[in-house]
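Report on the structure given below.
The values are calculated or read from the model by the stated rules, or taken from the named source; none is laboratory data. Please read all numbers here as calculations on a predicted model, not as lab measurements. Note that we place each Cβ from the backbone using ideal geometry, even for glycine, and neighbour counts take in every protein chain shown.
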Amino acid sequence: MALNNKYNYIAKTVLVFKNTPTKRAFYPLQSDTVDLEVEGTGWQLLFSRLRISPPSISVNLGQLNTKDFIVFSDQLLNVNKQVGSTQKVISVKPDTLYFDFTKRIVKTVDIKLVSHLGFSKQYGLASGVLLSPKKIKVAGPKAELEQITFWPTDTLKISNLQSNSTIRIGLQHSLHKNVSIYPSSTEVKLSVDEFTEKTVEVPLKIVNNK
């Protein structure tokens, strides 16, 4: 194989969706990994076998506002802009992406803090933990949202706490591609105080001593 000659080769890449529909919940009916048929040099073919390929490409889903599918051949120009001028994407397999649609609704649920807090000796929480915001909006299919009563944060881990703290922490990612949340983080305020020990002597009185 002449490394400077042109060859066609396959490079696997992951899809990243952008411009998703705001009023339609959707679920992809195929994998989020596609095969790019790329024209490049022998050097690039060698690198492809070493798993050096575009890690991801973005796909515009704007057409889903009126259609139930996306055709890659309509977006080849945009795809080629993402892989660089030295390579040329000839085709994408599968060429058509199909989506399942359901009615999209929005509900508000409480944020649940997941935490492992450790305190210095004689220190502890002086009051309840404050979250801001303490609720989020969840959007998705009605059947999915009926099962969601709260939304957990990422795990907040702090040790040796002995003063007030304010931390911004992210919310856990949705396990369903057609469920989205807003906002994606919350501010946690911890009010910490020192609890001192004190010895108090009190008189002892015996009653009904017969």
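Candidates are the residues of region 121-162 that are at pLDDT 90 or above and among the small types (G, A, S); the one that is nearest to F195 (Cα to Cα) is S159.
Taken together, the residues in region 72-108 that are aliphatic (A, V, I, L, M) and either under 30 Å from T155 (Cβ atoms) or loosely packed, with under 13 Cβ neighbours inside 10 Å (or both) amount to 4. Of the residues making up region 165-210, those that are among the aliphatic types (A, V, I, L, M) and assigned to a strand (DSSP E or B) are I167, I169, L171, I181, V188, L190, V192. Counting only residues that are crowded, with 16+ Cβ neighbours inside 10 Å and over 23 Å from the mean Cα position of the chain (by Cα), how many does region 109-144 have? Residues that pass the stated criteria total 3.
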